[in-house]
Amino acid sequence: MSAVGRGPRTGIRACVTQLVLWLLVIPLLLHVSGVSAAQSPYPGAPFAVPGQIEAEDYDLGGEGVAYHDTTVGNAGGVYRNDDVDIWEMSGSPGQYGVSAQATGEWREYTIDVGTA
């Protein structure tokens, strides 16, 4: 076999190795660390605790993963485009709040707890 014939196979082997890494190893590491592959912090990094966590900044991941809401759509129509009801605070432009909380509804937040 010529050296030219080995190039594409090496490239395919590298692609398959990378694919195995992404499909098997990364989800396993996420599972071990306690983070679901479908759930991630909003707006991109865990919140430092102690600290302030805004109610409207719950995790990404959707219904049944990052939150549960019993109604369809965001009744307030602001800040995020999912089913949690978020409103702009009256008289406070750019300030938001979660409202219309019903029994059984919940939201999850990813936090980073500093060492004691």
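Quick one: putting +1 on the C-beta of Lys and Arg, -1 on the C-beta of Asp and Glu, what dipole do you get for the stretch 38-93 around its Cα centre, in Debye to the nearest 20?
Dipole about the Cα centre, nearest 20: 120 debye.
All other residues with a Cβ under 14 Å from the Cβ of M89 taken together, and with Lys, Arg as +1 and Asp, Glu as -1, what is their net charge?
-4
Read the figures in this text as sums done on the coordinates, not as results from a lab. Worth saying up front: this structure is predicted, and the values here are computed from it rather than measured. Don't worry about glycine lacking a Cβ; one is built from the backbone with ideal geometry, like all the others, and counts go over all protein chains shown.
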